[in-house]
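Structure first, then comments.
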Amino acid sequence: MGNSDVRAKHGKGWTDALLGVRLQTRVAAIILTTGFFLIALLPLYWIVVSSTKNETELYTSFGLWFHGPFFLLNNMRSLFSYGAGVFGHWLLNTIFYTGVGGGGAMVISALAGYALSRYSFGGKKVIFASIIGSLLVPMTALTIPIYILYSKIGFVNSAFGMIIPSLVSPIGVYLMRVYIDGSVPHEIIDAGRVDGAGELLIFTRIASPLMVPGAVTVLLLSVVATWNNYFLPYIIFSKEALYPLTVGLSLWASQATAGGSAEQLYPLVVTGGVVGLAPPMILFAVLQRYWRVGLLSGALSS
Amino acid sequence: MGHRVAPYAFLAPFVLLYLLVLVGPLLYALFTSLFTTRLAGGITFSGLANYARVLQSSDFWSGLERVLVFGVIQVPIMLGLALLFALLFDMDLVPMAKVYRLVYFLPFAVPGVVAAILWGFMLEPQYGALAQLIRISGMGVPNLLDSSSILKVIGVIVTWQATGFNTVIIYTALRGVPRELTEAAILDGATLGVVMLRIKVPLVGKALALSAFLAVIGTLQLFSEPYILSSYTPAINSHYTPNMYIYSTAFAGEEYNYAAAASFMLALITIVGVLVVMGFRTWVEHRGGSREG
């Protein structure tokens with residue numbers, strides 16, 4: 001193409017070099033993207049700053065800068081001691097529901113996606129179509145009958161009631177299928193069969209390692225979905241000790257806005273919010289090399 | 001395990017759970033929606049009477065109208081922003097774009113509950129950070145949590161949460177466009193705008209459609225944000241969105257049969273909404289195709 005010299009000179013900014021992008025365009029691009037960068041960060045910055053303030057400063061000092069005594073450690077201490085340490089329970093519950101639900105959803109989705117991608121069998125089309133269709137079902141349409149059925153079999157106020165629905169991720173199955181379509185060649189599976197390996201061994205030893213980025217993406221999406229789930233736990237749990245963070249924090253927030261002596265709860269809601277939003281974010285940042293949320297764009301192929 | 005049995009074995013855990021938490025409850029809800037519970041006389045079969053009641057319920061329709069207005073405005077703004085940012089990242093015009101994309105994505109990982117608490121506090125008219133800033137500049141502080149602005153506030157929260165997610169989806173699709181295509185166009189003298197709008201954007205139609213698909217579903221099912229914000233402001237009533245209406249009839253009113261019918265109605269409307277979006281996409285593609293030919 002004759003532009004390799006240009007590209008070498010300008011590194012990865014090849015479009016720049018070829019188009020001779022004007023300075024104004026470049027400046028406008030940086031201003032626009034930096035604008036949203038700041039908007040994305042601002043509320044997160046606000047909540048971190050606020051978690052270092054005591055109750056008075058939270059209301060009276062300037063919201064976007066540190067002020068007064070550094071109260072983060074005190075806030076943390078009261079966060080975990082308030083109400084006989086109920087917040088610690090909420091945190092552990094959330095980790096448990098998310099670990100089992102999100103991790104299980106990844107394994108189950110990978111198995112199902114593999115079957116849908118690499119085998120042909122009777123009923124495949126029906127199963128696949130119904131998985132897509134289920135994305136359209138509103139959560140209330142499910143949660144209300146789930147609640148009624150749960151109350152009949154004793155799953156209300158039970159961790160199973162939270163975990164079992166979290167294991168089912170139609171979009172996870174869909175993404176695994178799309179990812180496996182593009183990353184696990186049929187030849188490699190056939191070669192395994194010729195060598196006499198069983199189907200399970202082929203899945204665990206040959207196919208699984210190739211599925212890691214897809215599986216990490218599904219894991220992150222289902223971890224976020226379970227960690228952030230509000231509606232299901234809100235409905236099925238009436239015992240505070242079983243709450244996840246989302247339901248617990250919203251309880252405190254509504255008590256705090258209701259006023260009265262509960263006003264002291266606001267610093268706890270804010271500090272608890274920081275604790276509640278940090279783990280999924282850290283997970284995203286740490287696993288950034290592996291996730292391919294963009295593989296969603298390969299979805300909807302037919 | 002032979003390769004005839006294997007796919008069924010691999011699918012078994014998912015399908016069993018799928019039947020248990022999706023198909024089963026849905027069929028059960030469909031069944032209950034056909035009955036009515038009366039204080040005296042117990043449960044009686046009432047056919048489509050619950051559905052007829054939903055059709056006549058002004059609370060259900062006002063909530064639906066609200067989320068439709070919301071969707072018609074918020075979804076295009078969000079997708080427009082996401083497409084713009086994705087194109088800018090794709091052109092390598094922005095330094096540290098990798099860090100930017102990660103930060104854009106972060107709000108997606110914030111629980112909706114925490115997001116609503118956080119924004120509710122920041123926008124509170126007395127002690128919120130925004131009110132403080134406005135007061136410094138000497139202007140009067142608007143109450144952003146009143147009935148005329150609260151829907152816009154929810155729009156800002158949702159846009160804040162989901163724009164980065166969609167940016168990443170569209171960006172990845174843009175990266176998938178073969179470089180030869182754009183290079184050839186540039187050598188033919190195409191300008192930056194032409195390359196972006198005529199070559200790149202049509203080729204990422206699928207990614208845009210997926211984003212639109214997820215956004216439409218999310219809009220029709222709006223619940224957590226308005227529900228949490230309702231404790232900050234009286235402007236949000238118990239039937240502010242269809243899902244809030246269904247929730248309050250089921251759990252405050254204990255009208256499970258009626259709530260089941262209302263949630264089926266919402267499911268039906270969601271399907272129609274998605275078909276409209278998909279139909280629009282086909283129409284756009286058809287136009288694109290005929291122009292080329």
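The values are calculated or read from the model by the stated rules, or taken from the named source; none is laboratory data. Owing to the predicted nature of the structure, the values given are computational and were not obtained by experimental measurement. Please note: Cβ atoms are built from the backbone with ideal geometry, for glycine as well, and neighbour counts cover all protein chains shown.
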> Which helices (runs of 4 or more DSSP H) does region A:12-120 wholly contain that include 3 or more residues that are under 21 Å from A:Trp227 (Cβ atoms)?
Replying inline: A:23-50, A:72-118
> Out of all the residues in region A:173-188, which are assigned to a helix (DSSP H, G or I), touching a residue at least 40 places away in the same chain (Cβ under 8 Å) and more than 9 Å from chain B (Cβ to nearest Cβ)?
Replying inline: A:Tyr174, A:Leu175, A:Met176, A:Arg177, A:Val178, A:Tyr179, A:Ile180, A:Asp181, A:Gly182, A:His186
>> Against the conditions (1) loosely packed, with under 15 Cβ neighbours inside 10 Å; (2) closer than 30 Å to B:Ser62 by Cα, where does B:Val194 fall short? Just the number, please.
In response: (2)
> Taking into account only those residues within region B:1-60 that are surrounded by fewer than 15 Cβ atoms within 10 Å (Cβ to Cβ) and among the basic types (Lys, Arg), which is nearest to the other protein chains (Cβ to nearest Cβ)?
Replying inline: B:Arg4
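Only residues that are among the hydrophobic types (A, V, I, L, M, F, W, C) and either without any contact (Cβ under 8 Å) to a residue 12 or more places away in the chain or outside any loop (DSSP other than H, G, I, E, B) (or both): list them for region B:212-232, please.
Of region B:212-232, the ones among the hydrophobic types (A, V, I, L, M, F, W, C) are B:212-217, B:220, B:222-223, B:228-229.
Result: B:Ala212, B:Phe213, B:Leu214, B:Ala215, B:Val216, B:Ile217, B:Leu220, B:Ile228, B:Leu229.
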>> Restricting to region B:78-100, give me the number of residues that are closer than 26 Å to A:Asn229 by Cα and surrounded by fewer than 23 Cβ atoms within 10 Å (Cβ to Cβ).
In response: 1
> Does B:Ile150 satisfy being touching a residue at least 60 places away in the same chain (Cβ under 8 Å), more than 11 Å from chain A (Cβ to nearest Cβ), under 30 Å from A:Ser250 (Cβ atoms) and touching a Pro at 6+ places or on another chain (Cβ under 7 Å)?
Replying inline: no
>> So B:Ile136 ticks every box in (1) within 13 Å of chain A (Cβ to nearest Cβ); (2) closer than 14 Å to B:Phe70 by Cβ; (3) not basic (Lys, Arg) but one. Which box is left unticked?
In response: (2)
> Can you pull out the residues in region A:191-223 that are in contact with a Gly (Cβ under 8 Å, 6 or more places away or on another chain), more than 23 Å from A:Tyr119 (Cα to Cα) and either within 12 Å of chain B (Cβ to nearest Cβ) or among the hydroxyl-bearing types (Ser, Thr, Tyr) (or both)?
Replying inline: A:Leu221, A:Ser222, A:Val223
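Are there helices (runs of 4 or more DSSP H) fully within region B:47-156 with at least 3 residues that are within 23 Å of A:Thr246 (Cα to Cα) and out of contact with any strand residue (DSSP E or B) (no Cβ under 7 Å at 6 or more places or on another chain)? List them. Steps first, please.
Details: elements: B:49-56, B:58-90, B:97-105, B:112-122, B:129-136.
In region B:47-156, the matching helices (runs of 4 or more DSSP H) lie at B:97-105, B:112-122.
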> Looking only at region B:256-284, which residues are without any contact (Cβ under 8 Å) to a residue 24 or more places away in the chain and not polar (S, T, N, Q)?
Replying inline: B:Ala259, B:Ala267, B:Leu268, B:Ile271, B:Val272, B:Leu275, B:Val276, B:Gly279, B:Phe280, B:Trp283
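Of a type in the set (Lys, Arg) and surrounded by 15 or more Cβ atoms within 10 Å (Cβ to Cβ): is that true of B:Arg66 in this structure? I'd like the intermediate steps shown before the answer.
On the way: of a type in the set (Lys, Arg): yes; surrounded by 15 or more Cβ atoms within 10 Å (Cβ to Cβ): yes.
Against the criterion (of a type in the set (Lys, Arg) and surrounded by 15 or more Cβ atoms within 10 Å (Cβ to Cβ)), B:Arg66 qualifies.
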> Within the bounds of region A:124-139, is there any residue that is assigned to a helix (DSSP H, G or I) and on the phi > 0 side of the Ramachandran plot?
Replying inline: no
>> Test of understanding: among A:Gly104, A:Gly99, which residue is at pLDDT 95 or above and buried (at least 16 other Cβ atoms within 10 Å of the Cβ)?
In response: A:Gly104
>> Could you go through region A:75-97 and let me know if any residue there is of a type in the set (A, V, I, L, M, F, W, C) and within 30 Å of B:Gln132 (Cα to Cα).
In response: yes
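I want to confirm something. Restricting to region B:158-175 and keeping residues that are farther than 30 Å from B:Leu118 by Cα and touching a Gly at 6+ places or on another chain (Cβ under 8 Å), which single residue is surrounded by the fewest Cβ atoms within 10 Å (Cβ to Cβ)? So that I can check it myself, show each step before the final result.
Taking region B:158-175 first, the residues farther than 30 Å from B:Leu118 by Cα are B:172-175.
Okay, now just the ones that are also touching a Gly at 6+ places or on another chain (Cβ under 8 Å), so B:172-173, B:175.
Details: B:Thr172: 21, B:Ala173: 25, B:Arg175: 14.
Taking the candidates together, the pick is B:Arg175.
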> Among (1) without any contact (Cβ under 8 Å) to a residue 24 or more places away in the chain; (2) at the interface with chain A (Cβ under 9 Å from one of its Cβ atoms), where does B:Phe89 come up short?
Replying inline: (1)
>> Every residue in region B:176-185 that is surrounded by fewer than 20 Cβ atoms within 10 Å (Cβ to Cβ) and of a type outside the set (Asp, Glu), please.
In response: B:Gly176, B:Val177, B:Pro178, B:Arg179, B:Leu181, B:Ala184, B:Ala185
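List the helices (runs of 4 or more DSSP H) inside region A:229-298, counting only whole elements, that have at least 1 residues being at pLDDT below 85 and facing chain B (nearest Cβ under 10 Å).
Working: elements: A:231-236, A:245-258, A:266-286.
Of the helices (runs of 4 or more DSSP H) lying wholly inside region A:229-298, those with at least 1 residues that are at pLDDT below 85 and facing chain B (nearest Cβ under 10 Å) span A:245-258, A:266-286.
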